[in-house]
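Since the structure comes first, as structure tokens, the remarks are kept for the end.
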Amino acid sequence: MIERIGISLDRNLLAQFDELIAERGYVNRSEAVRDMIREELIKKEWEDAADHSDRIAVATIVYDHDSHDLAHRLSHLQHDHHSLIISTTHVHMDETNCLEVLLLKGAAKDIIALGNSLTSTNGVKMGKLTLATRGDRL
Ligand code: NI
């Protein structure tokens, strides 16, 4: 069943929100708000399940393999946590840039820690950790 709600917002905040969701391709505010609520609920689900060992996530990183010892450091980090990594796919984007997609499985807190380490490694140009859910509560 769908419930309707009203939200009071500062005009400036609403203008920024409308601009943001238009850029992201949303055709209406409701779908954008629903997605943001789902995103927060998934984060909460992960926080509540910190010690459960069956969480799955996808980490994506882009880096320059010529950059100092970065490729070596990233490889080292992955080998240190090999039991959390189901698979990795490495794509050579061009002459210097590499994209890696890692499927992670394990306890929520371990996956988040590894994901944060990968994405925040100095020199990583783009990093994102996507938390998967079975959607039981969404
Ligand atoms: Ni490469």
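The values are calculated or read from the model by the stated rules, or taken from the named source; none is laboratory data. The shown structure was predicted, so the numbers you read here are calculated from the model rather than taken from an experiment. In this analysis, Cβ positions are derived from the backbone assuming ideal geometry, glycine residues included, and neighbour counts consider all displayed protein chains.
The rows are residues; the columns are (1) within 24 Å of I37 (Cβ to Cβ); (2) outside the structural domain of D35 (by TED's automatic domain parsing); (3) within 16 Å of the ligand (Cβ to nearest atom); (4) of a type in the set (V, I, T).
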{"position": "S83", "(1), (2), (3), (4)": "no, yes, no, no"}
{"position": "M93", "(1), (2), (3), (4)": "no, yes, yes, no"}
{"position": "T96", "(1), (2), (3), (4)": "no, yes, yes, yes"}
{"position": "L104", "(1), (2), (3), (4)": "no, yes, no, no"}
{"position": "S120", "(1), (2), (3), (4)": "no, yes, no, no"}
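Can you say whether V124 is touching an Asp or Glu at 6+ places or on another chain (Cβ under 8 Å), within 16 Å of the ligand (Cβ to nearest atom) and not aromatic (F, W, Y), as far as the supplied structure shows? Answer is no for this residue.
For E19, state whether it is out of contact with any Phe, Trp or Tyr (no Cβ under 8 Å at 6 or more places or on another chain) and either surrounded by 14 or more Cβ atoms within 10 Å (Cβ to Cβ) or closer than 30 Å to R4 by Cβ (or both). When the stated conditions are applied, E19 passes them. Screening R34, R38, R24 for residues that are out of contact with any Leu (no Cβ under 7 Å at 6 or more places or on another chain), more than 16 Å from the ligand (Cβ to nearest atom) and more than 21 Å from G127 (Cβ to Cβ) leaves exactly one candidate, R34.
Among the criteria (1) farther than 29 Å from E40 by Cβ; (2) within 16 Å of the ligand (Cβ to nearest atom), the one H76 does not fulfil is (2). Please verify whether E40 is of a type outside the set (A, V, I, L, M) and farther than 17 Å from G115 by Cα, treating the condition exactly as stated. Answer is yes for this residue.
Quick check on the stretch 106-118: of everything there that is surrounded by fewer than 19 Cβ atoms within 10 Å (Cβ to Cβ) and not in a loop (DSSP other than H, G, I, E, B), which residue is farthest from the ligand (Cβ to nearest atom)? Among them, the one singled out is K109. The residue of the stretch 58-82 that is surrounded by the most Cβ atoms within 10 Å (Cβ to Cβ), among those that are at pLDDT below 95 and small (G, A, S), is A71. Of the residues making up the stretch 63-105, those that are part of a helix (DSSP H, G or I) and among the hydrophobic types (A, V, I, L, M, F, W, C) number 5.
The one condition from (1) away from the ligand (no atom under 16 Å from the Cβ); (2) touching a strand residue (DSSP E or B) at 6+ places or on another chain (Cβ under 7 Å); (3) outside any strand (DSSP E or B) that T133 does not meet is (2).
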